[in-house]
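S.K.: Questions regarding the structure given below will be posed in turn.
The values are calculated or read from the model by the stated rules, or taken from the named source; none is laboratory data. Only a predicted model underlies this, so the values are computations on that prediction, with no experimental measurement involved. We place every Cβ from the backbone using ideal geometry, glycine too, and count neighbours over all the protein chains shown.
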Amino acid sequence: MITLDRLQRRTLTVVMASQVFSGAGLAAGVTVGALLAESMFDTASLSGLPVALFTFGSAVAALGVGRLSQRLGRRAGLAAGYATGATGGVGVVVAAALGSVPLLLICFLVYGAGTATNLQARYAGTDLAEPARRGRAVSSVLVATTFGAVAGPNLVAVTGRIAAHFGIPPLAGPFALAALAYSIAGLLLFALLRPDPLLAARARPAPVAPAEGGRPRGPGLVAGAVTMILTQLVMVAVMTMTPVHMRAHGHGLGATGLVIAVHIAAMYLPSFVTGYLVDRVGRVPVAIAAGATLLAAGIVSALAPADSVPVLAVALALLGLGWNLGLVAGTAMTADSADPATQGLVDLCVALAGAGGGIASGFVMAATSYSTLSTAGGLLALAVIPFVAVQGRRPARP
């Protein structure tokens, strides 16, 4: 009979392998989504709409993946989510080739399912983890995403040339890569995530089994949700407008891809250290550090010279690190307190916050400037600190 430790290691191995591919799909679309919209809409004020749409799509998908996982297990929920995201990626390529804005908008919504599934996969690492190791379990999944997420933006130029060879707009090329990457990730999980970690965890005694009404639902869940919501909103708003800001000041796709690659590496690569800190130092101190780091990111972004790629890369690295701190701490708090359906509901709220940030970022930047947007984001992130400091230290209620 397979032991709990062995099953947990197998689960992490399979999920991490799938995250390498899904990370590439996630990053490729993020890098050029705003630029594709700007070229098809012929206006910068709506360039935040695509990110908002696939973020909104990810919100709906997060709820669906969470509920499907609750009913049938992680394997079914995650595989279905990636299949949906791959379909959306193919649709974006077709819409760009046809020059159809309505189809493009619909496919951005569907494409968002891949983003939601990529994030939901982190909970699969916690299903069988002991409470004192949940932070590190989450971090293992996030680190695996780094490899694909860093490669994705750096393949923008290559996939663009391939797309142009077939008469497709170059900015649609990365979405073809995303469709392929999501398909591979889904197939890996569907074929290899056996036994299902969530179903196996339910068959085991507490404290490992996920909540079916047994884990405490209290301020830990609320504090975790608020931490992830605010960090997602700020990160998406600033990240979405950075490619537009760079393009307006003469930077090419190569420079833009490099900055976004640094940003995404900072989103995921520090996870091993973050997970250790969450387990050893505590959820609340790491969440507070997230707010402070995002403030620093906003200040550096606001003061960065428009022609300086290195300074913009530092600013986006801080933005990614702040998001990472908030996500790992918030996920650990949520995993301590919620079942898969509730986890999906929290991710829905997180994705809606990201959608709001994506929509608002375009209008704020068009009306003011990138510096104003960055400063406002940094100040908003500070709200994490007082809220989590108060809520996160209260004892959970059964």
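S.K.: Restricting to the range 232-254, count the residues that are over 15 Å from GLY358 (Cβ atoms) and in contact with a Leu (Cβ under 9 Å, 6 or more places away or on another chain).
M.R.: Number satisfying all stated conditions: 4.
S.K.: Name the residues in the range 319-359 that are part of a helix (DSSP H, G or I), over 14 Å from the mean Cα position of the chain (by Cα) and buried (at least 22 other Cβ atoms within 10 Å of the Cβ), would you?
M.R.: If we filter the range 319-359 for residues that are part of a helix (DSSP H, G or I), which is where we start, we get 319-337, 340-359.
Right, trim to over 14 Å from the mean Cα position of the chain (by Cα) and you get 329, 332-337, 340-343, 345, 356, 359.
Listed by number, the residues that qualify are ALA329, ALA332, MET333, THR334, ALA335, SER337, PRO340, GLN343.
S.K.: Residues being surrounded by fewer than 19 Cβ atoms within 10 Å (Cβ to Cβ), within 20 Å of ALA151 (Cα to Cα) and of a type in the set (A, V, I, L, M, F, W, C): count how many of those fall in the range 227-257.
M.R.: 1
S.K.: Return the only residue of ALA206, ALA211, ALA223 being modelled with pLDDT under 90, aliphatic (A, V, I, L, M), surrounded by fewer than 20 Cβ atoms within 10 Å (Cβ to Cβ) and under 16 Å from VAL346 (Cβ atoms). If you could, list the steps in order and put the result at the bottom.
M.R.: Values: ALA206 fails: under 16 Å from VAL346 (Cβ atoms); ALA223 fails: surrounded by fewer than 20 Cβ atoms within 10 Å (Cβ to Cβ).
Going through ALA206, ALA211, ALA223 in turn, just one is modelled with pLDDT under 90, aliphatic (A, V, I, L, M), surrounded by fewer than 20 Cβ atoms within 10 Å (Cβ to Cβ) and under 16 Å from VAL346 (Cβ atoms): ALA211.
S.K.: On to the next question. Can you tell which of ALA341, ALA351 is in contact (Cβ under 8 Å) with a residue 24 or more places away in the chain and out of contact with any Gly (no Cβ under 7 Å at 6 or more places or on another chain)? First the steps, then the outcome.
M.R.: Working: ALA341 fails: out of contact with any Gly (no Cβ under 7 Å at 6 or more places or on another chain).
Just a single option satisfies the conditions, and that option is ALA351.
S.K.: Among the residues of the range 10-23, is there at least one that is crowded, with 24+ Cβ neighbours inside 10 Å, over 23 Å from ALA261 (Cα atoms) and modelled with pLDDT of 75 or more?
M.R.: yes
S.K.: State which residue is modelled with the lowest pLDDT when the search covers only the range 267-307 and only residues that are of a type in the set (Gly, Ala, Ser) and within 19 Å of THR145 (Cα to Cα).
M.R.: SER271
S.K.: Looking at TYR268, TYR276 in this structure, which one is in contact (Cβ under 8 Å) with a residue 24 or more places away in the chain, surrounded by fewer than 24 Cβ atoms within 10 Å (Cβ to Cβ), out of contact with any strand residue (DSSP E or B) (no Cβ under 7 Å at 6 or more places or on another chain) and of a type in the set (Phe, Trp, Tyr)? Let's see the steps before the verdict.
M.R.: Numbers: TYR268 fails: surrounded by fewer than 24 Cβ atoms within 10 Å (Cβ to Cβ).
The unique qualifying residue is TYR276.
S.K.: A further question follows. LEU327: out of contact with any Phe, Trp or Tyr (no Cβ under 8 Å at 6 or more places or on another chain), of a type in the set (A, V, I, L, M) and within 22 Å of ALA124 (Cα to Cα), yes or no? Show your work before the answer.
M.R.: Numbers: out of contact with any Phe, Trp or Tyr (no Cβ under 8 Å at 6 or more places or on another chain): yes; of a type in the set (A, V, I, L, M): yes; within 22 Å of ALA124 (Cα to Cα): yes.
It is true that LEU327 is out of contact with any Phe, Trp or Tyr (no Cβ under 8 Å at 6 or more places or on another chain), of a type in the set (A, V, I, L, M) and within 22 Å of ALA124 (Cα to Cα).
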